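Only one structure is covered here, and it is reproduced in the block below.
The values are calculated or read from the model by the stated rules, or taken from the named source; none is laboratory data. Small disclaimer: the values here were computed from a predicted structure and weren't measured. Cβ placement follows ideal geometry from the backbone for every residue including glycine, while neighbour counts extend to all protein chains displayed.
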């Protein structure tokens, strides 16, 4: 099957309320357009330079999601157009996103990245850090960010019980924020971004509303943009 057929097959297996985010990092514009032409509008990228390049080349109604680690000095390049940032992993980053968004008179949708995996390479907040942010009112001044939910990545393991446990942890943090800080986050706090090619079915079972799928749709990474 080609990438459009694979996308259609996965989409048909997902509940209607779950967004299928096609992770197009390292993939050429032709592959993205193959999905665009069958109705896909949500694409995810890791690297700011690649994301900016593709934005300039491709249709402007694409909803670009920044899903990789984001450096503060790179934010300004994507703020004019990015649809959602999944990887807000520190207050410092949130403050800078807010600052750059204000310059463009935009309110940018963002997700709190949660650290639930047993891997040192993963970044993000834990529940205690988020409680502190809310209790101190640290987010109240960020008028140009709209926190719409949370994002999490499970440990890279074949242990499905561990993956399920970590995804349920993400869902429990989401529920805690929604239940305890509804006034702060508002009605837009509805999104749980979790699940990739190897574990998205478990993620959906655990409450995911956005699955980030790359290699299952596009094949293995090229590691260079053609």
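With a requirement of 1 or more residues that are closer than 21 Å to residue 108 by Cα and free of Cβ contacts under 8 Å to residues at least 60 places away in the same chain, the helices (runs of 4 or more DSSP H) lying completely within segment 122-226 that satisfy it span 127-135, 160-180, 182-185. Just wondering, is there one or more residues in segment 23-38 that are within 14 Å of residue 64 (Cα to Cα), in contact (Cβ under 8 Å) with a residue 60 or more places away in the chain, in a strand (DSSP E or B) and touching a strand residue (DSSP E or B) at 6+ places or on another chain (Cβ under 6 Å)? Yes, the conditions are met somewhere in segment 23-38. Which of the numbered conditions does residue 49 fail, given that it passes all the others? Conditions: (1) in contact with a helix residue (DSSP H, G or I) (Cβ under 9 Å, 6 or more places away or on another chain); (2) more than 15 Å from residue 24 (Cβ to Cβ); (3) part of a helix (DSSP H, G or I). Exception for residue 49: condition (2). Counting only residues that are exposed (fewer than 12 other Cβ atoms within 10 Å of the Cβ) and either more than 14 Å from residue 170 (Cα to Cα) or touching a helix residue (DSSP H, G or I) at 6+ places or on another chain (Cβ under 9 Å) (or both), segment 120-138 holds 5 of them. Scanning segment 68-94 for residues that are under 15 Å from residue 143 (Cα atoms) and either surrounded by 19 or more Cβ atoms within 10 Å (Cβ to Cβ) or modelled with pLDDT under 95 (or both) yields a total of 3.
Yes or no, residue by residue, for (1) closer than 20 Å to residue 219 by Cα; (2) under 17 Å from the mean Cα position of the chain (by Cα); (3) buried (at least 16 other Cβ atoms within 10 Å of the Cβ); (4) modelled with pLDDT of 95 or more:
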| position | (1), (2), (3), (4) |
| --- | --- |
| 31 | yes, no, yes, yes |
| 34 | yes, no, yes, yes |
| 39 | yes, no, no, yes |
| 43 | yes, yes, yes, yes |
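Counting only residues that are over 30 Å from residue 162 (Cβ atoms), in a helix (DSSP H, G or I) and in contact (Cβ under 8 Å) with a residue 40 or more places away in the chain, segment 71-98 holds 3 of them. In segment 6-17, the condition of being under 21 Å from residue 210 (Cβ atoms), in contact with a helix residue (DSSP H, G or I) (Cβ under 6 Å, 6 or more places away or on another chain) and in a helix (DSSP H, G or I) is met by at least one residue. Within segment 58-67, the set of residues being assigned to a loop (DSSP other than H, G, I, E, B) and surrounded by 16 or more Cβ atoms within 10 Å (Cβ to Cβ) comprises 58, 62, 67.
Just checking, does segment 95-106 include any residue being within 20 Å of residue 175 (Cα to Cα), at pLDDT 95 or above and surrounded by fewer than 22 Cβ atoms within 10 Å (Cβ to Cβ)? So far as segment 95-106 goes, no, none of its residues is within 20 Å of residue 175 (Cα to Cα), at pLDDT 95 or above and surrounded by fewer than 22 Cβ atoms within 10 Å (Cβ to Cβ). Among residues that are surrounded by 17 or more Cβ atoms within 10 Å (Cβ to Cβ), under 18 Å from the mean Cα position of the chain (by Cα), more than 17 Å from residue 52 (Cβ to Cβ) and touching a residue at least 24 places away in the same chain (Cβ under 8 Å), residue 111 is included. Can you pull out every residue in segment 182-195 that is modelled with pLDDT of 95 or more and touching a helix residue (DSSP H, G or I) at 6+ places or on another chain (Cβ under 8 Å)? Across segment 182-195, the qualifying residues are 189, 192, 194, 195.
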